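K.L.:
Here's a structure for you.
The values are calculated or read from the model by the stated rules, or taken from the named source; none is laboratory data. Please read all numbers here as calculations on a predicted model, not as lab measurements. Don't worry about glycine lacking a Cβ; one is built from the backbone with ideal geometry, like all the others, and counts go over all protein chains shown. Ligands, DNA and RNA are stripped out before the accessible areas are found, and what is left, the full protein with its side chains, is counted by its heavy atoms. Shrake-Rupley method; radii C 1.70, N 1.55, O 1.52, S 1.80 Å.
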Amino acid sequence: ALPGAARAAGQELSTGLQVRITAPANGEYIFGKTRIAADVRSKIDIPGLRVEFSVAGKLIFIDNEPPYECFHDFGDASRSWVIEAKAITPDGVTATSTIVTRRLEIHYREEVDRVLVTVSVTDKDHQFIEGLSREDFKVSEDGEPQQIADFGVENRPITLGVLIDTSGSMKEEIKDVQTAAKDFVDTLRPVDSAFVVDFDENVFLLQDITHDHEALQTAIEGTDADGGTALYDALYVSFRKMREIDGRKAIVVLTDGEDTNSSFSYKRVLELTRTHDVIIYAIGLGTSVLERGLRSTLSELSEDSGGRAFFPHDVKDLEGVYDQVAADLRSQYFLTYSPTNKAFDGSWRKIKLECDRSDAELTTRRGYYAVKH
């Protein structure tokens, strides 16, 4: 008989055992409850094979049958993780796959002694509620009440990304989409600026950031429907475009279908909503209640950033949707507070904002990372 080590090596060669972590991707940003999956291959069938999953050197799960996967809560901390999957046969033959996730790159930062919160307040008919004061609001951070320091109507200049889906399925609606988007551009104030992104299976920056309404409208007129849908890539490019810009920032993205062509994942884009102070307004044109995947995607991206999702049934309703977005951007309050937690520890702080008005519906971001400049 072969000595133990030699025997195992010989068995590994004979079985051709291989394992590869397929999710998350190496170098990906992760947070919260995340799926970890491994693909195991061998030349022969191996009864009794198991896969051990470890995070930061600690065993978290053993899976005894395919699909080999588990879920782990990585919390809200901004850090990298070493994830390992080890396939083990009953005879002790092993194969290992390891990935390292990336530390979150935070492109907005709150001084821990002053947190700025922007909020839209509407009634049940989605009409902006005017005349509210500091005394009408209560704010808490991680469940702890906070004292509001400053309060007022938000009127800072805004930088806007106008993203238009021009995949083949939009061909019949593209002219009406262009008209509604051009009218929306005219709602921008002289101090505001915008850029235009056209996406099908590729992403194109048709017009860089400018105050010029005519240039923006000319870019919108230049869109043409063809090809697949790279929604997540378009959002990723827009986030990168905005990361060095100060002041208020928002993205208005129009699409009519699921992503089919992006290089970047939905999870990667969702992470960007937490690491960039950008409000997302998502418009799912013609999406039925049966298209739950797309509706859930657009709703989560919007709500996580402090924006809203709209699902107009017909292209003729687009003008009204863009009007609501414009009204939101013109009708926001801001407040600041000095948090009781003074630690500069990079942790995710959950914000809860409440209004004394019983009919008030509040739209605001869900939290921030406490990072020292």
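K.L.:
For region 177-330, with only Lys/Arg (+1) and Asp/Glu (-1) charged at the beta-carbon, what is the dipole magnitude about the Cα centre, in debye rounded to 20?
P.N.:
620
K.L.:
Taking the highest mean first, how do the peptides 121-132, 150-161 order by number of other beta carbon atoms within 10 angstrom per residue?
P.N.:
Averaged packing, sorted descending, gives the order 150-161, 121-132.
K.L.:
Follow-up question, since we're still on this one. I'd like to compare 226-237, 189-200: which one has the highest average count of other Cβ atoms within 10 Å, and what's the full order after that?
P.N.:
Top of the packing list down: 226-237, 189-200.
K.L.:
For the chain, find the longest principal axis of its Cα atoms and tell me its angle to the long axis of helix 174-185, 0 to 90°, nearest 10.
P.N.:
60
K.L.:
To the nearest 10 degrees, how steeply does helix 231-242 sit against the main Cα axis of the chain, on a 0 to 90 scale?
P.N.:
60
K.L.:
Could you rank the peptides 81-87, 94-100, 57-63 by their average count of other C-beta atoms within 10 Å per residue, with the highest value first?
P.N.:
Final packing ranking: 81-87, 94-100, 57-63.
K.L.:
Let me ask something else. Net charge around residue 126, counting only other residues with Cβ within less than 13 Å of its Cβ (Lys, Arg = +1; Asp, Glu = -1)?
P.N.:
Summing Lys/Arg as +1 and Asp/Glu as -1 gives -4.
K.L.:
First measure r as the distance between the Cβ atoms of residue 361 and residue 317, then evaluate 1/(1 + (r/R0)^6) with R0 = 25 Å and state the FRET efficiency to the nearest 0.05.
P.N.:
The pair residue 361/residue 317 has a calculated efficiency of 0.75.
K.L.:
Also: Extension gain residue 135-residue 114, at 0.36 nm per residue separation less the Cα-Cα distance, in nm?
P.N.:
Value of the extension gain: 5.7 nm.
K.L.:
Next up: If one takes the longest principal axis of the Cα atoms in the chain, at what angle in degrees, from 0 to 90 and to the nearest 10, does the Cα axis of helix 318-330 lie?
P.N.:
Once rounded, the angle reads 80 degrees.
K.L.:
Connecting C-alpha atoms closer than 10 Å in a GNM of the chain, tell me which of 209, 88, 283 has the biggest fluctuation.
P.N.:
Of the options given, 88 has the highest mean-square fluctuation.
K.L.:
A further question on this structure: Using the heavy atoms of the protein chains and a 1.4 angstrom probe, tell me the accessible area per residue for region 209-321 in square angstrom.
P.N.:
In whole numbers, region 209-321 has 40 Å² accessible per residue.
K.L.:
Extending each Cα 7 Å along its Cβ direction at residue 144 and residue 59, get the distance between those two points in nm, one decimal.
P.N.:
Inter-label distance under the simple model: 3.8 nm.
K.L.:
When the Cα centres of region 311-373 and region 21-55 are compared, how far apart do they sit, in Å?
P.N.:
Rounded to whole Å, the Cα centres lie 37 Å apart.
K.L.:
From the Cα trace of region 223-366, what convex hull volume per residue do you get, rounded to a whole Å³?
P.N.:
Enclosed volume per residue, from the Cα hull, is 156 Å³.
K.L.:
Mind pulling the per residue volume of the convex hull built on the Cα atoms of the chain? Å³ is fine.
P.N.:
167
K.L.:
Could you tally the net charge around residue 53, taking each other residue with its Cβ under 15 Å from the Cβ of residue 53, Lys/Arg +1 and Asp/Glu -1?
P.N.:
Surrounding charge for residue 53 is -1.
K.L.:
Let me ask another. With every protein chain left in place and a probe of 1.4 Å, what is the accessible surface of residue 204, to the nearest 10 Å²?
P.N.:
Taking all protein chains as shown, residue 204 has close to 90 Å².
K.L.:
Any idea which of 149, 36, 178 is furthest toward the positive side of the dipole for the chain, if Lys and Arg beta-carbons carry +1 and Asp and Glu beta-carbons -1?
P.N.:
Farthest towards the positive end: 36.
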